[in-house]
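Every number in this text was worked out from the coordinates using simple rules, so none of it is lab data. As the structure is a computational prediction, the values presented were derived from the model and not from experiment. Positions of Cβ are backbone-derived with ideal geometry, glycine not excepted, and every protein chain shown enters the neighbour counts.
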Amino acid sequence: MLRRNIRQRREYLYSKSLEGPQRALFEKKRRIRAALEEGKPIPTELRNEEHDLRRQIDLEDHERQVPKSIVDNEYATATVREPKILLTTSRNPSAPLTQFVKELKVVFPNSQRMNRGGQVISEIVESCRSHDITDLILVHEHRGQPDGLIVSHLPHGPTAYFGLLNVVTRHDIKDRKAMGKMSEAYPHLILDNFSTQIGERTATILKHLFPVPKPDSKRIITFANRDDYISFRHHVYEKPGGPKSIDLKEVGPRFELRLYQIKLGTVEQNEAQSEFVLRPYINAAKKQKTLGA
Amino acid sequence: MGMTSALAAAVSTGRQVFPSPCHSVMVMDLDEPLDTAAAEKGEAALRRLSEADPALFLSPSADLAAAARAASQHIYSSLAPLSLAQPPPLPTLLTDPAFDAEQIWSQIELLARPLLPHLRRQLRRLEQQPPSQQPPVATPAVAEGELLEEDGESSESEELKNEEELEGTEDEKESEGTQDEEEMGDEEEEEAELDGRGGNGVEDKFLKIDELTEFLEKGEEEEYGGGAKRREKKAAKNWMVESDGEDDDEDEDEDQLDLEDFEDDDEEGEAGGGDIRYKDFFEKGHHKQVKKRDGSIKKVQFKDDQAHESELDDSENDDGNDEQEQGLSTHEKERLKMRAKIEQMEKASLEPSTWTMQGEVTASKRPKNSALEVDLDFEHNVRPAPVITEEVTASLEEMIKKRIAESHFDDVEKPTMLPSKAPKEHKELDETKSKRGLAELYEDDYAQKAGIAPAPLSISDELKKEANTLFKRICLKLDALSHFHFAPKPVIEDMSVQANVPALAMEEIAPVAVSDAAMLAPEEIFEGKGDVKEEGELTQAERKRRRANKKRRYAASHKERPAKLQKD
């Protein structure tokens, strides 16, 4: 099991290293294909390789045409089986934090909450791997206010570090009876305004925390990106008067997420490569929109 | 309180006590009538105690104890009318022999404890007030007070602390207090009043009414020249005793310095308003006109040894100054103010500036934790966190509703399953009778195998064959990589066997290993002439001939190659 993990990780890194040249190759093939279809002459820089590439193009089917990226690598089997999530906290959580984590347990379908106790992160990750858990979510706090969320995809997958702001929990709302019980059906997802590459990456990370929903599910979870701050909202909707009228009822916690790091390993791998790190101290930080326009 | 504690100790028999030395201050009778007999007895007892040999206190003695009790009773009864709660909770001290020292002490405490803070406040008030003028000699009781006052307030307070008789000193203070209030000038009286009464409602630990009035007065002085008020203050101070007087005057000295230096106008302002007083002319003022100039020069060196003289000069010069200032026009006053400000600013710029103004400052150059108090101005490159307002929520919900209406969700999608097995090729069986006979079919097969008839190869077959060969190569490589026991290269089935054998031989019955049907005839092995010579056997002529032949063949085959270019 250990050797298998090591081998898989090496494969993953190797395929990541191949991704660059593969993309270039794909580009060339695409250009040749386009030229052939339109009847235009093939670009001069590709003439030498054109013969070999043409044969490859013929042999390709529509599956193989798209180049494999690492993203697909990590989440390739994710769609086949349902995600299994483990939620836990930092050490010695306060009461508000444990309440918040309980709420998150209800938000994510197929999730389990675990008391942190005195476990070390590497132990937790090991036990997750052996139980076939796909995602590990850690929640951190500052003086009772939840302020950090770490989403780690488990086999070897990427880890996204978020900061939490403006957290409003269900426990805070006095009139809990009015809110009613939270539906536990598999929710529909709305991911709004994730247009850059890192935005797409974050979107897939967040997306694959949820299983495939039924088409008629009434529960909606929204991740809306405004100015690099992702708003999480959880609604249940009804269509009381025919299909056009929609009655939204907000249910569940609401908070803002701010992505500050994506690492290409799991939580316990400190030396893993960083795919993205937030740099707020550079002069151009105000103008940068890393997640989407 | 030394004496009372000694008394308490002495009261209880059987205890060893070290009496503290007693300062004897004469007892003052109160205004209220006392039981004279009891008073005399009490006083006698006190005298007895004070005169007793301290060694006697070391051993318990009954008469000393009785004397102590009587004395304490006397003191208590004289103190009782002064207590804050009238009538006092315990009118007389109960000093039966049955009472223990602790009990007597607690009775005394019951009376004395509420009084102490009251007394302390009185004392503090007295200390803070500037010492008033000589109170008029009214009563012999007050004479004592006068004496005390002249000694200075510090000694007075000492006296108070070392008191033997609570009620005596208390009495003195009260009388002094009242006299002070009567005798003070207007402002000071107001201040005292404010101290006493106005402070109750408004004062707290931040706001002090007297500080406020001081500040206001200072401001007014700066605004309006403050001639009138200052004169009055000086008038009050002229009566002061040396120590305090010097300090104040020197302070004023420094304030006055600037004005003195820049004093151009020389107004002999006698008619400078109605602020002329008797003292100006008949006490010290007659030096004014003569010594004004000298006084001003002296003022510049402001730490004078001749304190008294300078003080005189100061006082008279202050007076003269005031008069001059009253005669100044507004423009001149403003100029004076400006000059004062300029002086201030010049002084400030000569000093080292605060650390916040010093440019690059490291932690060692500024006081500890000083950066926490200052509001430092950073340029924040980060966009601030969003505030979730109603509008934001509304816009989000709009977007969500729109998406729901369109059913446009970003869910995870089920993947298209890759076929794990190749799709089964369903060969359709054609059930019609074949047109060609069986012999013809066999003929066709044979022809294909023998290679006589060309096989109808389609493109897909070629591609398939190529794909097949590629796949087999890959499998071979994978097998080599993954198996510990490597399987050898498989036999490729389409290896064509060269049948260099006549047809007859193919029908040979004997087994292949034994029969010589596959054997080739010698001429089939080797064609050519018999004499073949090796390299070593050749003669030189032979070798030359061979080389010539070779060259001829080479030249023939490479005729079309261009000639080598000559190097220039």
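Rounded, prolate or oblate, given the Cα gyration tensor of segment A:226-293, with a/c below 1.5 counting as rounded?
Details: a/c = 3.65, a/b = 2.05, b/c = 1.78.
Prolate shape, in that a/c is at least 1.5 and a/b is the bigger ratio.
In segment A:1-110, which trypsin sites (Lys or Arg not before Pro) are in a loop and have at most 14 other Cβ atoms within 10 Å, using DSSP for the loop call? Present the calculation step by step, with values, prior to reporting the outcome.
On the way: sites: A:Arg3, A:Arg4, A:Arg7, A:Arg9, A:Arg10, A:Lys16, A:Arg23, A:Lys28, A:Lys29, A:Arg30, A:Arg31, A:Arg33, A:Arg47, A:Arg54, A:Arg55, A:Arg64, A:Lys68, A:Arg81, A:Lys84, A:Arg91, A:Lys102, A:Lys105; in loops: A:Lys68, A:Arg81, A:Lys84, A:Arg91.
Answer in residue order: A:Arg81, A:Arg91.
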Seminar exercise, completed: dims of segment A:75-277, Cα set, principal axes, largest to smallest, nearest Å -> 55, 37, 34
Exercise. Once phi is turned into θ = phi - 60°, what whole-Hz ³J(HN,Hα) does the Karplus curve with 6.51, -1.76 and 1.60 give for every residue of segment A:220-226, x standing for Gly and Pro?
Worked result: 10, 10, 10, 10, 10, 8, 10
Exercise. Shielding of B:381-390 by partners, i.e. mean partner chain Cβ atoms within 10 Å per residue?
Worked result: 5
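Return the percentage of antiparallel bridges among DSSP beta bridges fully within segment A:75-277, rounded to the nearest 5 %. The partial results should precede the final answer.
Values: 39 of 52 bridges.
So the antiparallel bridges amount to about 75 percent of the total.
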For this session: Would you kindly derive the ³J(HN,Hα) couplings of segment B:526-541 from the backbone phi angles with the Karplus curve 6.51 cos²θ - 1.76 cosθ + 1.60 (θ = phi - 60°), listing them in order in whole Hz, with x for Gly and Pro?
Result: 10, 10, x, 7, x, 7, 10, 10, 7, 4, x, 8, 6, 8, 5, 4
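I need to check one value: relative contact order of segment B:38-119, counting alpha carbon pairs closer than 8 Å and at least 6 residues apart, in percent. Walk me through the intermediate numbers first.
Details: 57 pairs, mean separation 21.9, N = 82.
This gives 27 percent for segment B:38-119.
To the nearest 0.05, what FRET efficiency results for A:Arg91 and A:Asp172 with a Förster distance of 25 Å applied to their C-beta separation?
Working: r = 24 Å, r/R0 = 0.96.
Step by step, r from the Cβ atoms, then E = 0.55.
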For this session: Sort out for me the Cα centre separation of segment B:354-370 from segment A:274-293, rounded to whole Å.
Result: 33
Problem set entry | Cβ-based net charge around A:Asn193, under 15 Å, with every Lys or Arg adding one and every Asp or Glu removing one | +1
Seminar exercise, completed: Note on segment A:1-70: alpha-carbon gyration tensor, axes a ≥ b ≥ c; rule is a/c under 1.5 for rounded, else prolate if a/b larger than b/c, else oblate; result prolate
Seminar exercise, completed: Ratio for segment B:38-119, C-alpha Rg to 2.2 N^0.38 Å, reads 1.16
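What average count of beta carbons from other chains do you get within 10 Å of the Cβ of residues in B:393-406? Before the final figure, lay out each step's value.
Numbers: counts 4, 0, 2, 11, 6, 1, 6, 11, 7, 2, 6, 10, 5, 0.
Partner Cβ neighbours, averaged per residue: 5.
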Exercise. When only Cα pairs under 8 Å and 6 or more residues apart are kept, what is the percent relative contact order across segment A:250-293?
Worked result: 28
For this session: Mind ranking A:199-210, B:342-353 by how tightly packed they are, going by the mean number of other C-beta atoms within 10 angstrom, highest first?
Result: A:199-210, B:342-353
For this session: For the pairs A:Lys263/B:Lys402; A:Lys16/B:Lys477; B:Lys205/B:Lys341, note any where the Cα-Cα span goes beyond 30 Å.
Result: A:Lys263/B:Lys402; B:Lys205/B:Lys341
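What does the helix-only formula give at 222 nm for chain A: each DSSP H stretch with n ≥ 4 adding -39500 (n - 2.57), the total divided by the residues, and the result rounded to the nearest 500 deg cm²/dmol? Can you show the working numbers first?
Numbers: 8 runs with 98 residues, N = 293.
Per the formula, -10500 deg cm²/dmol.
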Exercise. Long-range amide H contacts for A:Gln112: which residues qualify at under 5 Å (H placed 1.01 Å from N, peptide plane, sequence gap of 5 or more or a different chain)?
Worked result: A:Ile85, A:Leu86, A:Leu87
Seminar exercise, completed: Expected integer from the mean partner chain Cβ neighbour count at 10 Å over A:274-281 is 1
For this session: With a Förster radius of 60 Å, plug the Cβ-Cβ distance of B:Ala480 and B:Asn549 into 1/(1 + (r/R0)^6) and report the FRET value to the nearest 0.05.
Result: 0.80
Exercise. HN-Hα J couplings of segment B:61-76 from phi, Karplus 6.51/-1.76/1.60, θ = phi - 60°, integer Hz, Gly and Pro as x?
Worked result: 9, 5, 6, 5, 4, 4, 4, 4, 4, 4, 5, 5, 5, 4, 4, 4
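Counting Lys +1, Arg +1, Asp -1, Glu -1, what net charge surrounds B:Ile388 among other residues with beta carbon under 13 Å of its beta carbon?
Numbers: positive: A:Arg226, A:Arg233, A:Arg254; negative: A:Asp227, A:Glu250, A:Glu256, B:Glu390, B:Glu391, B:Glu397.
Taking every other residue near B:Ile388 into account, the sum is -3.
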For this session: With an 8 Å cut-off on Cα pairs and a minimum separation of 6 or more residues, tell me the relative contact order of segment A:75-277 in percent.
Result: 22
For this session: For A:Tyr14 paired with B:Glu524, estimate the spin-label separation in nm (one decimal), with each label point 7 Å from Cα along the Cα-to-Cβ line.
Result: 5.1
Problem set entry | Loop-resident sites, segment B:357-416, for GluC sites (Glu not before Pro), counting at most 12 other Cβ within 10 Å (DSSP) | B:Glu360, B:Glu379, B:Glu413
For this session: At 7 Å along the Cα-to-beta-carbon direction for both B:Arg366 and B:Ala340, put a label point, then send me their distance in nm to one decimal.
Result: 3.3
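So, R0 is 41 Å and r is the distance between the beta-carbons of A:His142 and A:Ile6; what FRET efficiency does that work out to, to 0.05? Before the final figure, lay out the partial values.
Working: r = 37 Å, r/R0 = 0.90.
According to the calculation, E is roughly 0.65.
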For this session: Note down the nm distance, to one decimal, between modelled labels 7 Å out along Cα→Cβ at B:Glu379 and at B:Arg113.
Result: 6.7
